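Undergrad: Structure incoming, see below.
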Amino acid sequence: MENKFKKVPAIEKCFKILEALAKSEEPLGISDISKKLGINKSTVYNIIYTLAALHVLNCLPSGRFSLGTLFYTLANMASRKSNLIQLAHPYLEFIKNESGLSVFLGVRSGAQAILVDKVEADHGIKLSSDIGLTMPPFAGAGIKAMLSQLSEDKIEELLEKTELRKYTEKTIIDKDKFKSELLRIKKEGIAYDFEEYIEGMIGLSVPIETGSKNVQSAIWVVGLKSQLPNEKIDEIVKMLLSVAKEINAVNTQKV
């Protein structure tokens, strides 16, 4: 027997908006979404801000929106259906066991990194972040690794649209230097954050192929400066590069 029901237009529009944001390489504004979907601007406004209040979307300082904490929390709960998370998670465990540090997996949203999976250190000082956390623009080693996967033209476009914020005295705020750093990462395959985002903290990251040209991802390790002497940094870099090579070999075969 056919199940008769009346569709709820607001829910249909809500999912169209979420789909548009998921497919977009950049965060979108209300006008962008309204024009793209042909939905009344006031309707988009009300849906967008309802979703933001629920943390399904994240409202950026630019007034644009990206997928938010609750969205990625729910996605993480369904991680068995996520090829990237399912593939990468055992490697996160391996890196944590070998390094004794917390390890993170993220994806790019504009100039920001969104945390989609993590494995926290078992003992000692733990540097913890919640699944779904959106990092500030250009903050940390993870987003550097992700941005390095973009074309040089795309990198320049992003840098033109976003101001580089000074988080610490060591933050790179010169756009030419930041671009040069991304091109170095593209060549060498490893990104560093030596107290550029948070004083006393070091981050090491590698770009991860996702099998989709529209999705950039990275794995990164974070520790206090006291936890990462030079010799340990060298060991972790070798391990990260090896892990990235293995994961990328699998994902490249899927393209």
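Undergrad: Kindly flag which residue pairs out of 6/41; 13/179; 7/41 have an alpha-carbon separation exceeding 27 Å in this structure. Walk me through the intermediate numbers first.
TA: Numbers: 6/41 24 Å; 13/179 38 Å; 7/41 21 Å.
Beyond 27 Å: 13/179.
Undergrad: Among 16/170; 118/213; 225/245, which pairs are too far apart, with a Cα-Cα distance over 30 Å? Write down the numbers at each step before the final one.
TA: Numbers: 16/170 42 Å; 118/213 23 Å; 225/245 26 Å.
Check vs 30 Å cut-off fails for 16/170.
Undergrad: Please enumerate, by chain and number, the lysines with C-alpha under 17 Å from the C-alpha of residue 177, excluding those fewer than 8 residues away in the same chain.
TA: Cross-link targets: 144, 154, 161, 166, 186, 187.
Undergrad: So, one more: Sort 209, 156 by Cβ crowding within 10 Å, fewest neighbours at the top.
TA: Result, fewest neighbours first: 156, 209.
Undergrad: Suppose each label sits 7 Å from its Cα in the direction of the beta carbon; what would the residue 6-residue 232 distance come out to in nanometres?
TA: 6.3
Undergrad: Sorted by mean Cβ packing within 10 Å, highest first, what order do the peptides 28-41, 210-223 take?
TA: With the highest mean Cβ count within 10 Å placed first, the list reads 210-223, 28-41.
Undergrad: Something else: For a quick check of your reading of the filter: which trypsin sites (Lys or Arg not before Pro) in the range 103-183 sit in a DSSP loop and have no more than 14 other Cβ atoms within 10 Å? Show your work: numbers first, answer last.
TA: Numbers: sites: 108, 118, 126, 144, 154, 161, 165, 166, 170, 175, 177, 179; in loops: 126, 165, 166, 170.
Taking the range 103-183 and a limit of 14 other Cβ atoms within 10 Å, the loop trypsin sites (Lys or Arg not before Pro) found are 126, 165, 166, 170.
Undergrad: Here is a follow-up. So, by mean Cβ neighbours within 10 angstrom, what's the order for 193-200, 100-107 with the highest one leading?
TA: 100-107, 193-200
Undergrad: Same structure again: Please compute the length gained on full extension between residue 188 and residue 153, using 0.36 nm multiplied by the number of residues separating them and subtracting their Cα-Cα distance.
TA: Numbers: separation 35, 0.36 × 35 = 12.60 nm, distance 1.92 nm.
That works out to 10.7 nm of additional length.
Undergrad: Using the Karplus curve 6.51 cos²θ - 1.76 cosθ + 1.60 with θ = phi - 60°, what ³J(HN,Hα) values do you get for each residue of the range 164-178, in whole Hz, with x for Gly and Pro?
TA: Karplus-based 3J(HN,Hα) across the range 164-178 equals 7, 8, 8, 8, 9, 5, 9, 5, 7, 10, 7, 5, 5, 5, 5 Hz.
Undergrad: Could you give the length gained by full extension between residue 180 and residue 97, i.e. 0.36 nm per residue of separation minus their alpha carbon distance, to one decimal place?
TA: Result: 26.6 nm gained on full extension.
Undergrad: Please list the non-local residues whose amide H lies under 5 Å from the amide H of residue 109, H modeled 1.01 Å from N, same-chain partners needing a gap of 5 or more.
TA: Amide H neighbours of residue 109: 114.
Undergrad: Please give the helix 230-254 orientation as an angle from the longest Cα principal axis of the chain, in degrees from 0 to 90, rounded to the nearest 10.
TA: Relative to the chain, helix 230-254 is tipped by roughly 40 degrees.
Undergrad: Using only the C-alpha atoms of the chain, find the volume of their convex hull and express it per residue in Å³. Working shown, then result.
TA: On the way: hull volume 39.3 nm³, N = 255.
Considering the Cα atoms of the chain, their hull volume per residue is 154 Å³.
Undergrad: Now for a different question. Under a crude label model (7 Å from the Cα following the beta-carbon direction), how far is residue 161 from residue 195 in nanometres?
TA: 3.4
Read-outs throughout are calculated quantities, based only on the coordinates presented, and are distinct from any laboratory measurement. Here the structure is a predicted model, which means the values were calculated and not measured. Don't worry about glycine lacking a Cβ; one is built from the backbone with ideal geometry, like all the others, and counts go over all protein chains shown.
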